1. Among what's in region A:46-84 and is within 19 Å of A:SER109 (Cβ to Cβ) and within 14 Å of chain B (Cβ to nearest Cβ), pick the residue that is surrounded by the fewest Cβ atoms within 10 Å (Cβ to Cβ).
2. How many of the residues making up region A:79-115 are modelled with pLDDT of 95 or more and under 19 Å from the mean Cα position of the chain (by Cα)?
3. The conditions are (1) more than 14 Å from chain C (Cβ to nearest Cβ); (2) assigned to a helix (DSSP H, G or I), and B:ARG92 fails exactly one of them. Which is it?
4. Check region B:8-31 and report whether any residue there is open to solvent by less than 10 Å² (accessible area, probe 1.4 Å), assigned to a strand (DSSP E or B) and farther than 30 Å from A:LEU8 by Cα.
5. On the basis of being out of contact with any strand residue (DSSP E or B) (no Cβ under 7 Å at 6 or more places or on another chain) and of a type in the set (Lys, Arg), does C:ARG138 make the cut?
6. Within region C:85-140, work out how many residues are surrounded by fewer than 18 Cβ atoms within 10 Å (Cβ to Cβ) and on the phi > 0 side of the Ramachandran plot.
7. Quick check on B:LEU43: is it open to solvent by 30 Å² or more (accessible area, probe 1.4 Å), more than 25 Å from C:PRO45 (Cβ to Cβ), more than 9 Å from chain C (Cβ to nearest Cβ) and not in a helix (DSSP H, G or I)?
8. Cβ-Cβ below 6 Å, separation at least six or inter-chain, first residue in region B:40-64 and modelled with pLDDT of 90 or more, second open to solvent by 60 Å² or more (accessible area, probe 1.4 Å) and part of a helix (DSSP H, G or I): which pairs?
Amino acid sequence: MSGVDHVLQHELEQLYGRYAGLLDDGPLADWPELFTEECLYLLIPRDNFDLGLPLAIMRCESRGMLVDRIRASQETMMYEPRYLRHQITNVRASVDAASGEIHASAHYSLFEVLPDELPRVFSIGRYLDRIVRDGDGRLRFREKRCVYDSVLVAYTIVYPI
Amino acid sequence: MSGVDHVLQHELEQLYGRYAGLLDDGPLADWPELFTEECLYLLIPRDNFDLGLPLAIMRCESRGMLVDRIRASQETMMYEPRYLRHQITNVRASVDAASGEIHASAHYSLFEVLPDELPRVFSIGRYLDRIVRDGDGRLRFREKRCVYDSVLVAYTIVYPI
Amino acid sequence: MSGVDHVLQHELEQLYGRYAGLLDDGPLADWPELFTEECLYLLIPRDNFDLGLPLAIMRCESRGMLVDRIRASQETMMYEPRYLRHQITNVRASVDAASGEIHASAHYSLFEVLPDELPRVFSIGRYLDRIVRDGDGRLRFREKRCVYDSVLVAYTIVYPI
């Protein structure tokens, strides 16, 4: 494993920026395009992750499943309007020399605004990702593990983090 | 429109860093210098923005108006001491080939500390900005739209976001 | 004093990213390695800092003292399990031409998760740091001042910010 240079770092930051922007401001339908067709998306409580338990509260194993998830969350959103805002920071990455795969981590905070309420912290945690350069030259997530620090699980997590 | 390279990205990040630093730690009087003399500063609720409504709760149309706004907010601050802290993240930019103008977006969170209280989330949202290289070679905001996600409006917004 | 270029900026961001990662996800024992052997770590309320008062609520004057602090905080953590998450943003730096020392500032937010509670904002503020390239070529903190905006002091600050 070796670190990434400033040029690749810039490209990674743009990927995370686009990830945050598409989830918060849309178009949501473009968000699955940030993943490879065969991919893994996991939403895992930190306690489970630290214990090596495989249980995830959301698991998608292909871009098609992510598309379905987005559709489902949009239907739910219709009944419960709210805004979300990500901040993705402190991206660190290294390249696996053998496979060329990029291993990246980042810290996130996710804020929620419900109608007639002040914004509140919804979820905090980190991303542990594997990123590859896809056939069209773009960086995409092959694996994304969203490890959230909260022990308490908001019942409203139907939406990707 | 084409993306910006890592060198220009670095310069943009410094502009946003300076923007955050001047608002939070001062000197506030230097903050309007980050805008071109002819400029547009808008603070807009997301609901209005999404509907294309022009209504902004703060509107400044020149650097001079920003200077006035800063003076007014400082007078208010004297009666209501508090600290503010920005985090500006996920800056994404592209250059308009015809005009050379930079179109940038960023996510922000703004925390507030009142005396004898714990910090709280005051506002979250995004910036939608147009940035130009001014006569002296510095990047400056020609237009800044602060689109805040909150539906509820804190009555205390006399201060730029 | 002159600004830093994008290559040094990238290296600084990695230092801050590693700082955040080690505090939040460990191994904590590696965290003091980010400081030079002779160093200064101060945790200072903003009110005191602005008034030029020397009083800090945490003061470590060597890497050895930081090691001790980490051990003490780990013992405390055993009685009060919680998770912490940093976001360090808007890093700005310049180089002192005479000494070669890097003067850097950054904004931070620190979130806390207690068992069976939703995440909350624990502390916000800024870092005012002096960074040097150490004998082994790595950037390390020679001085770090964590200036927190809160006036109220959580009695639980036994842990570095």
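The values are calculated or read from the model by the stated rules, or taken from the named source; none is laboratory data. Everything numeric here is computed off the predicted structure, so don't read it as measured data. Note that we place each Cβ from the backbone using ideal geometry, even for glycine, and neighbour counts take in every protein chain shown. Each accessible area value is taken on the protein alone, full model and side chains, heavy atoms only, with ligands, DNA and RNA left out. Shrake-Rupley method; radii C 1.70, N 1.55, O 1.52, S 1.80 Å.
1. Here the answer is A:ARG82.
2. Within region A:79-115, residues that are modelled with pLDDT of 95 or more and under 19 Å from the mean Cα position of the chain (by Cα) number 21.
3. Going through the list (1) more than 14 Å from chain C (Cβ to nearest Cβ); (2) assigned to a helix (DSSP H, G or I), B:ARG92 breaks only (2).
4. no
5. yes
6. 3
7. No: the conditions fail for B:LEU43.
8. Partner pairs satisfying both residue conditions: B:CYS60/B:ARG69.
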